[in-house]
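The block underneath contains the structure these notes are about, expressed in C-alpha cells.
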Amino acid sequence: MRKALIVFLAVGFLAAMAASQNVVAGEGSHQYVGVKKCKMCHMAKKKGAQFTKWQETSHSKAYEVLTTDEAKAIYAKVAGEDGNPAESDKCLKCHVTGHGAPAEAFAATFDKTEGVGCEVCHGPGSDYMKMKVMKDHELSIAAGLNVPDESTCTACHNSESPTFESFDYEASLAKIVHPVPPQMSK
C-alpha cells in the first residue's frame with residue numbers, strides 16, 4: 001500500500017512538473033521551438049517588431065549573463081563552492097526557456113543560449129506558431145499559447161534569486177510590452 005502511494009505521488013508530481021512547463025507527455029505534445037522561429041513573423045515593424053523588443057531586454061541575455069565572472073562570483077558566494085552557473089539547475093531554471101522539461105519537449109531548432117525567450121511567457125510554440133493558428137486568438141490558446149500574467153513573471157522574479165531586490169510587475173511589464181498591432185489581431 002505504501003509503495004503504491006509513493007508511486008501515485010511520484011506520478012502526480014511528474015505530471016505537475018510537465019504541466020508547469022506546458023508540456024504534455026505523449027502524442028500532440030507542445031515543443032519549444034526557440035526564438036528564431038518566432039522571429040520569422042515577429043520581426044517586421046508592421047507586425048509589431050516583438051522580436052526586436054525582446055532583443056533589447058535583459059531576457060535575451062539571460063543565459064549569457066551566467067557565463068560572466070560576476071555570475072560565477074555570485075554563484076560561489078551563494079553555493080559556497082566554485083562552479084559554473086551556466087550549468088547549474090538553480091540558475092538555469094530562470095535563465096533558460098523550458099529548463100527542466102524532458103528532451104522530447106525541445107525541437108531541433110531550440111537553442112538554450114537564447115536565454116529567456118518568447119516561450120517562457122507564451123508556452124512552447126510548435127503548435128500555435130502556424131500563421132493560420134496565430135491569426136485566431138482562441139485557436140492559438142487551444143494550441144498551447146499562454147497569455148502571461150504576473151504569476152508568470154514572479155515564478156523567477158522572486159526572493160529565491162540571489163540578486164533579487166524587489167519586483168514591480170507594472171513597471172517591469174512596461175519595459176517589455178510588445179503588443180500586436182490592431183490590424184494584425186483580426
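Tallying residues that are modelled with pLDDT of 95 or more, under 29 Å from K132 (Cα atoms) and of a type in the set (S, T, N, Q) within segment 152-186 yields 1.
Residues checked against (1) under 30 Å from Y128 (Cβ atoms); (2) modelled with pLDDT of 95 or more; (3) within 19 Å of the chain's Cα centre (by Cα); (4) among the acidic types (D, E):
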site	(1), (2), (3), (4)
M1	no, no, no, no
I6	no, no, no, no
L14	yes, no, yes, no
N22	yes, no, yes, no
Q31	yes, yes, yes, no
M40	yes, no, yes, no
S60	yes, yes, yes, no
G98	yes, yes, yes, no
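Counting residues in segment 74-96 that are polar (S, T, N, Q) and either under 30 Å from M43 (Cβ atoms) or in a helix (DSSP H, G or I) (or both) gives zero. Would it be correct to say that V116 is closer than 16 Å to C38 by Cα, buried (at least 17 other Cβ atoms within 10 Å of the Cβ) and in contact with a Leu (Cβ under 9 Å, 6 or more places away or on another chain)? Judged against the criteria, V116 is not a match.
Considering each of K72, K112, K132 in turn, give the residue that is among the charged types (D, E, K, R) and under 21 Å from I176 (Cα atoms). After applying the criteria, what remains is K112. Annotation: of all residues in segment 132-154 being aliphatic (A, V, I, L, M) and out of contact with any helix residue (DSSP H, G or I) (no Cβ under 8 Å at 6 or more places or on another chain), the one that is surrounded by the most Cβ atoms within 10 Å (Cβ to Cβ) is I141. Inside segment 163-179, residues that are more than 12 Å from C153 (Cα to Cα) and surrounded by 14 or more Cβ atoms within 10 Å (Cβ to Cβ) make up a count of 1.
Screening the candidates V147, V78, V133 for the property of being under 19 Å from the mean Cα position of the chain (by Cα) and β-branched (V, I, T) yields one hit, V147.
Of K46, K132, K112, K77, which residue is without any contact (Cβ under 8 Å) to a residue 12 or more places away in the chain and of a type in the set (K, R)?
K132 is the lone residue from the list that is without any contact (Cβ under 8 Å) to a residue 12 or more places away in the chain and of a type in the set (K, R).
So in segment 91-106, with the set limited to residues that are surrounded by fewer than 15 Cβ atoms within 10 Å (Cβ to Cβ) and in contact (Cβ under 8 Å) with a residue 12 or more places away in the chain, which one is nearest to V177 (Cα to Cα)?
Ranking the qualifying residues of segment 91-106, first place goes to K93.
The values are calculated or read from the model by the stated rules, or taken from the named source; none is laboratory data. Bear in mind the structure is a predicted one, so any value in this text is a computation, not a measurement. No Cβ is skipped: glycine too gets one built from the backbone with ideal geometry, and neighbour counts run over all protein chains shown.
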